[in-house]
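Structure first, then comments.
The values are calculated or read from the model by the stated rules, or taken from the named source; none is laboratory data. All values reported here derive from a predicted model rather than from experimental measurement. Cβ coordinates were reconstructed from backbone atoms using ideal geometry, including for glycine residues, and neighbour counts include every protein chain displayed. Note: areas computed on protein heavy atoms with side chains; ligands, DNA, RNA excluded. Shrake-Rupley method; radii C 1.70, N 1.55, O 1.52, S 1.80 Å.
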Amino acid sequence: MEALAVRRVGLTIDQFLSDGSRGGQVHLEVSEAIIALAGAAGRIAALVRKGPLAGALGSDTGQNNVDGDVQKKLDVTANELIFDALTEASVRYFASEEEEAILTLDKKGKLAVAVDPLDGSSNIDVNISIGTIFSIYRASDDGATASFFRPGREQVAAGYFVYGPHTALVLTTGTGTQLFVLDPAEQKFKLADAQLRIVPTTSEFAINASNYRHWLDPVRTFIDDCLGGAEGPRGRDFNMRWVASLVAETHRIFSRGGVFLYPADKRGRYANGRLRLIYEAAPIAFLVEQAGGAAIDGIDPILELVPSELHQRTPLIFGSADKVRRVQSYHTDPRFTRDASPLFNTRGLFSA
Ligand code: AFP
């Protein structure tokens, strides 16, 4: 790690964002929005830490969000805390998994912010890490939809908070990806790693294997080859994880590499997978690419996709660059599909 990066460990998020030595200070309004989100995350973390003592946070509200997911109590509370915090920042447009339409906060605001307020809701009551994901664009003078219906490469910042054994923030403002940890004593997010990197290769994949029968051939073949282990075409063993909390899977991949797959499958509602492009896949892809990883929809980079609907889903495959490229080849190279069975045994020629 560069001496400069080491020297900055321990800086608070406010100090880090105002530290011009990082080659161009982060614009003031972007810093203000990130600090506002960090304040809301601190309040969400305090609720999560109380668990059942905070009331049935994981209980259904009896309402569904626009995508048909049941809204848990904490989904709604987290959304309200984030919305309230952003009214103090220079935010013109606010989009959320929990809001049907884009909301206008401050007509003079400079930014457009999209959030998944509480990712991993099914894990709230089982004390497994959950999180908040955010994406920040410059507001477009062409209006609300133009501010979000654009390639993810135009994000000016993105991040997630993970509420786990410790609360952390993984953030990018376009100059690498940083890790901050919430100091419980001071209730401040402090820099723990100024240059997160995702290792290029790995022996770990994350997928919800219960959907095996619904997958399309390229993903089934990729997973079959991993499950074939040392005796199969890959010539080595693999490990599997599935937490059902995108931020927890992402944090593991930042920590030790891996490849995450939520692909398109044959189920009607999952023709484009389960994860939403604007406030889940695009911010995760920005963070991952800034740390040397890769993120695709199976074929194309996530950051090049242009949404046409606010809650649009996308297949999402991200993580260690070598592995993501291999999954991509299973989608693009005819030798990697099940129909090419005569070549089935020659796949082992592609060692990695
Ligand atoms: P919830 O927030 O509704 O629990 O969804 C979480 C999520 O969007 C993402 O965090 C997980 O990776 C994925 O869904 C888990 O999906 P499955 O429940 O289909 O495994």
The range 194-220, residues that are modelled with pLDDT of 95 or more, outside any loop (DSSP other than H, G, I, E, B) and surrounded by fewer than 18 Cβ atoms within 10 Å (Cβ to Cβ): 209, 210, 211, 212, 213, 214
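Based on this model, can you work out whether residue 208 counts as within 16 Å of the ligand (Cβ to nearest atom) and out of contact with any strand residue (DSSP E or B) (no Cβ under 7 Å at 6 or more places or on another chain)? Spell out the reasoning first.
Values: within 16 Å of the ligand (Cβ to nearest atom): yes; out of contact with any strand residue (DSSP E or B) (no Cβ under 7 Å at 6 or more places or on another chain): yes.
When the stated conditions are applied, residue 208 passes them.
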Index of the failed condition, residue 236 passing every other in (1) open to solvent by 10 Å² or more (accessible area, probe 1.4 Å); (2) within 13 Å of the ligand (Cβ to nearest atom); (3) not small (Gly, Ala, Ser): (2)
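If you check residue 115 against the conditions, is it under 23 Å from residue 245 (Cβ atoms), open to solvent by 50 Å² or more (accessible area, probe 1.4 Å) and of a type in the set (Val, Ile, Thr)? Give the steps one after another, and end with the answer.
Details: under 23 Å from residue 245 (Cβ atoms): yes; open to solvent by 50 Å² or more (accessible area, probe 1.4 Å): no; of a type in the set (Val, Ile, Thr): yes.
Spelling it out, it is not the case that residue 115 is under 23 Å from residue 245 (Cβ atoms), open to solvent by 50 Å² or more (accessible area, probe 1.4 Å) and of a type in the set (Val, Ile, Thr).
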Scan of the range 239-267 for residues that are within 11 Å of the ligand (Cβ to nearest atom), more than 19 Å from residue 279 (Cβ to Cβ), free of Cβ contacts under 8 Å to residues at least 60 places away in the same chain and not charged (D, E, K, R), ordered by number: 242
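Go through the residues of the range 131-143 one by one and say whether even a single one is within 14 Å of the ligand (Cβ to nearest atom), within 22 Å of residue 316 (Cβ to Cβ) and not β-branched (Val, Ile, Thr). So that I can check it myself, show each step before the final result.
Applying the first criterion (within 14 Å of the ligand (Cβ to nearest atom)) to the range 131-143 yields 131-133.
If we keep only those that are within 22 Å of residue 316 (Cβ to Cβ) as well, we get 131-133.
Next, only the ones that are not β-branched (Val, Ile, Thr) stay: 131.
The answer is yes; a qualifying residue exists.
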Could you tell me whether any residue of the range 175-185 is of a type in the set (Ser, Thr, Tyr), under 21 Å from residue 305 (Cα atoms) and surrounded by fewer than 18 Cβ atoms within 10 Å (Cβ to Cβ)? no
Among residues belonging to the range 285-302 that are farther than 21 Å from residue 218 by Cβ and touching a residue at least 60 places away in the same chain (Cβ under 8 Å), point out the one that is surrounded by the fewest Cβ atoms within 10 Å (Cβ to Cβ). 292
Where the second residue is aromatic (Phe, Trp, Tyr) and the first is farther than 17 Å from residue 34 by Cα and lies in the range 106-127, which pairs have Cβ atoms under 8 Å and are six or more apart or on separate chains? 119/160
